[in-house]
Structures are given as structure tokens and as C-alpha cells.
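Worksheet for the structure shown next.
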Amino acid sequence: MNAQKLSKRLESVAFFVPTGAVLADIGSDHAYLPCYLIHKGIAARAVAGEVVKGPYESAVRQVRTEELTEKIIVRMADGLAAIEESDRVDTVTIAGMGGPLIVSILEKHPGALKSVTRLILQPNIHAKVIREWALKNGWALQDEVILEEDEKVYEVLVLQRGAMALTEAEILLGKQLLANRTNIFVQKWSREVANWQRVLTSIEKADATAEIEAKRAELNHLISLVQEALA
Ligand code: SAM
């Protein structure tokens, strides 16, 4: 992967960036995504935010090497603190982290989202918490994709401002993903159900403490929720 050729995962994120976007890529690491989007003429300008020194320096180097310093500002900052009001950012990408970390980034500096109309979020795990955050914070899912790369399954969630209604199963699985039911989606959730069933079997022998009972009830609930949704 480089700034010309993205991974399939980052290409799926890039696909949802609107032409002319003013982008903030948070947790940009090597800054491949903003460099790619500027080279392709998709983003007009970008901020690449990084909280860790090593990846920040790597982003700075990459932007210099690609001769994009006029179009991409690299800032060392925690999450959305990389965005300044005068940037007039309208699109934010956060990719390659767990859902809970993405949500904590969104919650820490909510004011930075003032001018933002689109969020493209790519959680490696626990996409559910992002859907819960969106429901509570006035964001609606415009699109969702699921993909597999190097034997790992990723989801990309595209959010615009607005209200939405989701069932419990749709919060867990994704409304569009459930409607599309691709092979990757069915395999992912069949594997999850099998894992939960294994855990259930292993705790069957444990003493029936309140904690074990609660875990058992939770797992049984999740298993039936997913099995009914997939039926
Ligand atoms: N976004 C790139 C991608 O998808 O390939 C890089 C993903 S890398 C696994 C996650 C990056 O997020 C790391 O470089 C890490 O330093 C950065 N990161 C983690 N928490 C962050 C935060 N609160 N603010 C900014 N960057 C953060």
C-alpha cells in the first residue's frame, strides 16, 4: 500500500469521500488516504491528524515526498482537536481503529464537528457502538459496506446528519448490511454465533453465580437475535 495504491479497506473509505471535500483524516498514520484523495482530485484539501509522534512524523514525511504541503496540513493532536474552525472541514474519516476508540474520539471534541456533514468511519471491531453513538447524536447511516482483506473483515459506515430508527438487530448487524446479506456478512455472523455457543458450552460447567447467569442470558439473547435476523 502507498499513496497511489491504497489497501482494499482504505479504498472503500475513499470511495465515500465526496468530490471537492475538505477532509480531516483522524489517526492518519502514514497519511496515505489524504494523499491519495488529493492526487485523485477528490478532496480539495485535507488535515491529517495524528496523536503519536512516530506516525505524525511519517505523515509529515509522506506529505512532503508527495509534494502536497500546500494541500495537506499535518497536525499532531488528540482526535478531532486536529481540526480548527478556519479549516471549514466538511468530511471526517477515522479508519483502522476499534469502534469504542472511534466513538471516544467523536465524543471528546464534539464542537470540532460543527461544519462537518459527512463522517466515514471504519471500525475494525464493534461497529455497534458507532451506530449507538449515531442514534444518540443526530447522525443517520447513509451507507454501510462490509469487506474482507487478508482474512480480516472490516465495516465502513457512512453517516450524514439526520435522524434514523434502527431495531436492536440492525444496531448490532447494520441495517444495510443485513438487507444486502453478502457472503462475507453471513460468514462473519455465523462465526460469531459459533464463538458465543462455544463460550456458552464452556460456562455450562461453571457454578451458577449471578455473574455467570447474566453472561449466559446475554449470550443466549445475542445468539437468538442473530439467528433470527439471518433466518
Ligand atoms: N487510518 C490509518 C489506516 O486506516 O490505515 C491508520 C490506522 S492505525 C491502525 C491507527 C492510528 O490512529 C495510529 O497511527 C494511532 O497513532 C492513531 N490514533 C489513535 N488514537 C488517536 C487519537 N486519539 N487521535 C489521533 N490519532 C490517533
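Quick check on segment 83-92. Is at least one of its residues closer than 29 Å to LYS152 by Cα and either within 10 Å of the ligand (Cβ to nearest atom) or in the same structural domain as GLN160 (by TED's automatic domain parsing) (or both)? Full working, then the answer.
Going through segment 83-92, the residues closer than 29 Å to LYS152 by Cα turn out to be 91-92.
Filter once more, so that each one left must be either within 10 Å of the ligand (Cβ to nearest atom) or in the same structural domain as GLN160 (by TED's automatic domain parsing) (or both): 91-92.
Scanning segment 83-92 turns up at least one residue that is closer than 29 Å to LYS152 by Cα and either within 10 Å of the ligand (Cβ to nearest atom) or in the same structural domain as GLN160 (by TED's automatic domain parsing) (or both).
If we keep just the residues of segment 1-55 that are out of contact with any strand residue (DSSP E or B) (no Cβ under 6 Å at 6 or more places or on another chain), among the charged types (D, E, K, R) and over 20 Å from ILE73 (Cβ atoms), which is nearest to the ligand (Cβ to nearest atom)?
GLU11
Out of contact with any Leu (no Cβ under 6 Å at 6 or more places or on another chain), part of a loop (DSSP other than H, G, I, E, B), of a type outside the set (D, E, K, R) and near the ligand (Cβ under 8 Å from one of its atoms): is that true of SER104 in this structure?
Working: out of contact with any Leu (no Cβ under 6 Å at 6 or more places or on another chain): yes; part of a loop (DSSP other than H, G, I, E, B): no; of a type outside the set (D, E, K, R): yes; near the ligand (Cβ under 8 Å from one of its atoms): yes.
Answer is no for this residue.
State which residue pairs qualify: first residue in the same structural domain as VAL89 (by TED's automatic domain parsing) and more than 21 Å from MET97 (Cβ to Cβ) and inside segment 31-57, second residue buried (at least 24 other Cβ atoms within 10 Å of the Cβ) and small (Gly, Ala, Ser) in any location, beta carbons under 9 Å apart, and separation of 6 or more residues or different chains.
Listed pairs, sorted by first residue: ILE38/ALA46.
For ARG45, indicate whether it is under 30 Å from LEU135 (Cβ atoms) and of a type in the set (Lys, Arg). Before the answer, list the steps.
Working: under 30 Å from LEU135 (Cβ atoms): no; of a type in the set (Lys, Arg): yes.
No: the conditions fail for ARG45.
Are there helices (runs of 4 or more DSSP H) fully within segment 157-231 with at least 2 residues that are exposed (fewer than 12 other Cβ atoms within 10 Å of the Cβ) and of a type in the set (Lys, Arg)? List them. Write out each step before concluding.
Values: elements: 168-173, 175-180, 183-204, 210-230.
Here the list reads 183-204.
Taking the criterion of being loosely packed, with under 15 Cβ neighbours inside 10 Å, part of a loop (DSSP other than H, G, I, E, B) and on the phi > 0 side of the Ramachandran plot, would at least one residue in segment 145-153 satisfy it? It would help to see each step written out before you state the result.
So in segment 145-153, the residues loosely packed, with under 15 Cβ neighbours inside 10 Å come out as 149-152.
Still in the running and part of a loop (DSSP other than H, G, I, E, B): 150-151.
So of that shortlist, the ones also on the phi > 0 side of the Ramachandran plot come out as 150-151.
Yes, segment 145-153 contains at least one residue that is loosely packed, with under 15 Cβ neighbours inside 10 Å, part of a loop (DSSP other than H, G, I, E, B) and on the phi > 0 side of the Ramachandran plot.
Being not in a strand (DSSP E or B) and not polar (S, T, N, Q) is the filter; apply it to segment 111-125 and report the residue that is farthest from the ligand (Cβ to nearest atom).
Here the answer is LYS114.
The values are calculated or read from the model by the stated rules, or taken from the named source; none is laboratory data. As the structure is a computational prediction, the values presented were derived from the model and not from experiment. Backbone-built Cβ (ideal geometry, glycine too); neighbour counts: all protein chains shown.
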